Amino acid sequence: MATFVLIHGVYQGGWIWSSVATRLRAAGHRVYAPSLDGCAERTAQARPGITTETHAEEIAELLRYEDLSEVVLVGTSAGGMVVARVAELARARIQRLVFVDALALLHGEKIPDIVNRPPAITTDVAVGLSRDGALNTLGAGMEPELAAWAADRFGLYPVAAFNEPVVLASFWDQPWDASVIYCRQSTAPGEAHQRRCAEALGARWHELDTGHYPMLSTPDELAHLILEG
């Protein structure tokens, strides 16, 4: 039995991993898919000061309090940034890293440096998309009914986690057992960005012919790749 911790991306929550989590559990594994602070059902907790680093700290504490070890840490989209920082904070607990069409930023980079798609909604504490914007970003490789279901669940994301540079003092200088899953129909973060991650980590490379949300559009194939490594 392996332990998987699945980290969502911008505007999402743990809900986005439901189909993949079900498949991993059916294969006999332990799975955690938390919603990060200020996201999804925790939107009411949004406040100044929530950053990629505080998101990572809460996941590292989850690993500690649940006494998890040999964890397979999986991140998608901006969850890739959180995965990298959690790995720094909880090195001894991590077995393997999986980046699923993920942002894997270098120290000092921020999301707008890589993804030139400004949010439609900006407040003092959070950013978000309009429903039409969510439908547009969900469209590639997904049935309209599923895209509409997901768009209804898209929400706000802490503004500092979106706009501030990521802090990764040592991640890129350490060896990791890692894999990168690139989605061919996804335009952001794009193939070049994910190739950079794979080359820097010496990671295994996989591809799926779908959009940026394979956990929704191709959950069987994604679960297989996560298990395969």
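The values are calculated or read from the model by the stated rules, or taken from the named source; none is laboratory data. Quick caveat, the model's predicted, so the values are computed rather than measured. Cβ sites come from the backbone with ideal geometry, for glycine too, and all protein chains shown count toward neighbours. Only protein heavy atoms, including side chains, enter the accessible area calculation; ligands, DNA and RNA are left aside. Shrake-Rupley method; radii C 1.70, N 1.55, O 1.52, S 1.80 Å.
As for the range 67-76, it holds no residue that is surrounded by fewer than 17 Cβ atoms within 10 Å (Cβ to Cβ), not in a loop (DSSP other than H, G, I, E, B) and not small (Gly, Ala, Ser). Within the range 123-147, no residue that is in contact (Cβ under 8 Å) with a residue 60 or more places away in the chain and of a type in the set (Val, Ile, Thr) sits with its Cβ atom under 8 Å from a residue that is surrounded by fewer than 13 Cβ atoms within 10 Å (Cβ to Cβ) and part of a helix (DSSP H, G or I) at 6+ positions apart or across chains. Inspect the range 131-139 for any residue being open to solvent by 20 Å² or more (accessible area, probe 1.4 Å), of a type in the set (A, V, I, L, M, F, W, C) and at pLDDT 95 or above and give the result as yes or no. Within the range 131-139 (the criterion being open to solvent by 20 Å² or more (accessible area, probe 1.4 Å), of a type in the set (A, V, I, L, M, F, W, C) and at pLDDT 95 or above), the answer is no, since none of the residues qualifies.
Given the conditions (1) within 25 Å of ARG117 (Cβ to Cβ); (2) surrounded by fewer than 20 Cβ atoms within 10 Å (Cβ to Cβ); (3) touching a residue at least 60 places away in the same chain (Cβ under 8 Å), report the number of the one that LEU227 does not fulfil. That leaves (1) as the condition not met.
Is it fair to say ARG91 is of a type in the set (Lys, Arg), closer than 26 Å to ARG195 by Cβ and either modelled with pLDDT under 95 or in contact with a Cys (Cβ under 8 Å, 6 or more places away or on another chain) (or both)? The answer is no for ARG91.
Could you tell me whether GLY155 is under 23 Å from GLU221 (Cβ atoms) and outside any helix (DSSP H, G or I)? Judged against the criteria, GLY155 is not a match. Could you grab me the full set of residues in the range 54-66 that are of a type outside the set (Val, Ile, Thr), in contact (Cβ under 8 Å) with a residue 40 or more places away in the chain and open to solvent by less than 30 Å² (accessible area, probe 1.4 Å)? HIS55, LEU63, listed by residue number.
Scanning the range 144-196 for residues that are at pLDDT 95 or above and of a type in the set (Ser, Thr, Tyr) turns up TYR157, SER170, SER179, TYR182. Note on the range 158-181: among residues that are open to solvent by less than 20 Å² (accessible area, probe 1.4 Å) and of a type outside the set (Gly, Ala, Ser), the one that is farthest from GLY128 (Cα to Cα) is PHE171. Residues in the range 35-47 that are part of a loop (DSSP other than H, G, I, E, B) and open to solvent by 30 Å² or more (accessible area, probe 1.4 Å): ARG47 alone.
Here THR187, THR210, THR122 are screened, and the one residue that is over 19 Å from THR51 (Cβ atoms), open to solvent by 60 Å² or more (accessible area, probe 1.4 Å) and of a type in the set (Val, Ile, Thr) is THR187. Please determine whether any residue of the range 58-69 is more than 13 Å from the chain's Cα centre (by Cα) and closer than 23 Å to HIS193 by Cα. Within the range 58-69 (the criterion being more than 13 Å from the chain's Cα centre (by Cα) and closer than 23 Å to HIS193 by Cα), the answer is no, since none of the residues qualifies. It is to be established whether one or more residues within the range 53-61 are farther than 20 Å from ALA169 by Cβ, part of a helix (DSSP H, G or I) and not basic (Lys, Arg). Looking for residues that are farther than 20 Å from ALA169 by Cβ, part of a helix (DSSP H, G or I) and not basic (Lys, Arg), one finds none in the range 53-61, hence no.
The numbered conditions (1) open to solvent by less than 50 Å² (accessible area, probe 1.4 Å); (2) outside any helix (DSSP H, G or I); (3) out of contact with any Pro (no Cβ under 6 Å at 6 or more places or on another chain) are all true for ILE50 except (3).
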